[in-house]
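**Student:** The structure under discussion is supplied below as C-alpha cells; questions concerning it will follow.
Every read-out reported here was derived from the displayed coordinates using simple, explicitly stated rules and does not represent laboratory data. Fair warning: this is a prediction, and the values are worked out from it, not measured in the lab. Reconstructed Cβ throughout: ideal geometry from the backbone, glycine too, with neighbour counts over all protein chains shown.
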Amino acid sequence: MKSYTLVRGDMSSIVLFGPPGAGKGTQATAIMEKTGLPQVSTGDMLRSALSKGTKLGLEAKGYMEAGDLVPDRLILSLIEERLKEEDAKNGVLFDGFPRTILQAESLAKITKVSMVISIEVPDDNIVERIVGRRMDSETGEIYHIKFKPAPSDISDRLIQRKDDTEETVRSRLNAYHSQTAPLADYYSNLGVLEKVNGDRNIIDVTNSILELLV
Ligand code: AMP
C-alpha cells in the first residue's frame, strides 16, 4: 500500500475517480479534512456557471442535460483558472476530473497526481444510487432517500439534480465506460491507482480511503 504525503510548496494532487453515483462527492469531505486539500469538482463548477448564466455555463448546458461529457477545451479552461487560485498552490482534490485521456494528459502538465482513488461500484447499483439522490439546497450536503435519509426538518430544502433521472443516468454511464473508464489503466500504468470497494456503507468506504492517506 502506498502512502500519501503532502509536500508543501510542491503541487501534488489527488484524484477521486469512479462512475457517476459512486460516492465521490460524499467521500471528498473526509479526504479534504484529512489532507487539507480543497475539493475541485468540475460538475459543481459547471452547475455554478450554469446557474450564473455564464457563456461557458450556457455552452455546457446541453451536454450536461443529455448526460454527455462537456468538451475538453471548456473543462480545461475551467481547471486552468481554478488552479491559479491561492488555495490550490499545494495541490487539490479533483472530483469528477479528469474524465478523458486528453484531460489527464493536460493535467499531467500542470500538476503532479500522487494518488488516484478509484471508488468501484457495479453498474447495476448505479441507477438506484443516482435516482434516489437529493441535495440540501442550503448546505450542498448530499442525501439519499434510502441509504442516507435527510432529517425531516429539512425535507422542503431538498432538490434533485436535473440530470439525476434514470434516462440521463444511462447516458452518463455510457460516457463513463467509453471515455472515462480507460483512465484506470492510464493511472495504473503510472503506479498511482488505488481501488476501493464502494459497494459498502459510507463509513466503511471512508475508512478504507483514509487508510490510503497515512
Ligand atoms: P458530475 O457532477 O461530476 O456528475 O458532472 C455532471 C455533468 O457535468 C457530467 O455528466 C458532464 O456532463 C459534466 N462534467 C463534469 N465534469 C466533467 C469533465 N471532467 N469532463 C467532461 N464533462 C464533465
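**Student:** How large is ³J(HN,Hα), in whole Hz, for each residue of the range 182-187 in order, when computed from phi with the Karplus curve 6.51 cos²θ - 1.76 cosθ + 1.60 and θ = phi - 60°, using x for Gly and Pro?
**Tutor:** 3J(HN,Hα) across the range 182-187, in whole Hz: x, 5, 4, 5, 4, 7.
**Student:** Is the chain rounded, prolate or oblate when judged by the Cα gyration tensor, a ≥ b ≥ c being the square roots of its eigenvalues, rounded requiring a/c under 1.5 and prolate requiring a/b larger than b/c?
**Tutor:** The shape class here is rounded.
**Student:** Using 18 Å as the Cα-Cα cut-off, could you pick out the over-long pairs in K61/K148; K52/K109; K24/K195; K24/K89; K52/K162? Don't skip to the answer; put the middle values down first.
**Tutor:** Working: K61/K148 29 Å; K52/K109 30 Å; K24/K195 13 Å; K24/K89 22 Å; K52/K162 16 Å.
Listed pairs above 18 Å: K61/K148; K52/K109; K24/K89.
**Student:** Related question: Out of F94, N174, I203, whose Cα points farthest toward the positive end of the dipole of the chain (charges: +1 Lys, Arg; -1 Asp, Glu; placed on Cβ)?
**Tutor:** Of F94, N174, I203, it is F94.
**Student:** Also, I was wondering about something else. Among I154, A108, I119, flag the residue with its Cα farthest along the positive direction of the charge dipole of the range 82-214, charges on Cβ as +1 for Lys/Arg and -1 for Asp/Glu.
**Tutor:** With unit charges placed on the Cβ atoms, the residue in question is A108.
**Student:** Taking the Cα centre of the chain as the origin, how large is its charge dipole in debye, to the nearest 20, when only Lys and Arg (+1) and Asp and Glu (-1) carry charge on their Cβ atoms?
**Tutor:** Here the size comes out at about 300 debye.
**Student:** List the aspartates and glutamates whose Cα lies under 15 Å from the Cα of K84, skipping any in the same chain that are fewer than 8 positions away.
**Tutor:** Partners within reach: D10.
**Student:** Still on this structure, I have one more. With point charges of +1 on the Cβ of Lys and Arg and -1 on the Cβ of Asp and Glu, referenced to the Cα centre of the chain, which listed residue (L58, T165, L78) lies farthest in the positive direction of the dipole?
**Tutor:** Looking along the dipole axis, the top candidate is L78.
**Student:** Could you tell me what percent of the DSSP beta bridges with both partners in the chain are antiparallel, to the nearest 5?
**Tutor:** Working: 6 of 23 bridges.
Roughly 25 percent of the DSSP beta bridges within the chain come out antiparallel.
**Student:** In deg cm²/dmol and to the nearest 500, what is the mean residue ellipticity at 222 nm of the chain if only DSSP H runs of at least 4 residues count, each as -39500 (n - 2.57), divided by the residue total?
**Tutor:** Numbers: 9 runs with 93 residues, N = 214.
Computed mean residue ellipticity for the chain: -13000 deg cm²/dmol.
**Student:** Then there is this: Please give the charge dipole size of the range 1-127, origin at the Cα centre, charges +1 on K and R Cβ atoms and -1 on D and E Cβ atoms. Round to the nearest 20 debye. Intermediate values should be presented prior to the final figure.
**Tutor:** Values: 15 positive and 17 negative charges, 72 e Å.
Once rounded to the nearest 20, the dipole reads 340 debye.
**Student:** Suppose every K and R has +1 on its Cβ and every D and E has -1 on its Cβ; what is the size of the dipole of the range 126-214 about the Cα centre, in Debye to the nearest 20?
**Tutor:** Working: 12 positive and 15 negative charges, 37 e Å.
Charge dipole of the range 126-214: 180 debye, to the nearest 20.
**Student:** Going by the alpha-carbon gyration tensor, a ≥ b ≥ c the square roots of its eigenvalues, is the range 163-214 rounded (a/c under 1.5) or, if a/c is not under 1.5, prolate (a/b greater than b/c) versus oblate?
**Tutor:** Details: a/c = 3.87, a/b = 1.30, b/c = 2.97.
Oblate is the answer for the range 163-214, as a/c is 1.5 or above yet b/c matches or exceeds a/b.
**Student:** Using alpha carbons only, how many angstrom separate the centre of the range 147-185 from the centre of the range 67-88?
**Tutor:** 20
**Student:** Right, another one. Work out from phi, with θ = phi - 60° and the Karplus expression 6.51 cos²θ - 1.76 cosθ + 1.60, the ³J(HN,Hα) of each residue of the range 142-159, listed in order in whole Hz, and give x for Gly and Pro.
**Tutor:** Using θ = phi - 60°, the values come out as 9, 10, 9, 4, 10, 8, 8, x, 6, x, 5, 6, 10, 4, 7, 9, 7, 10 Hz.
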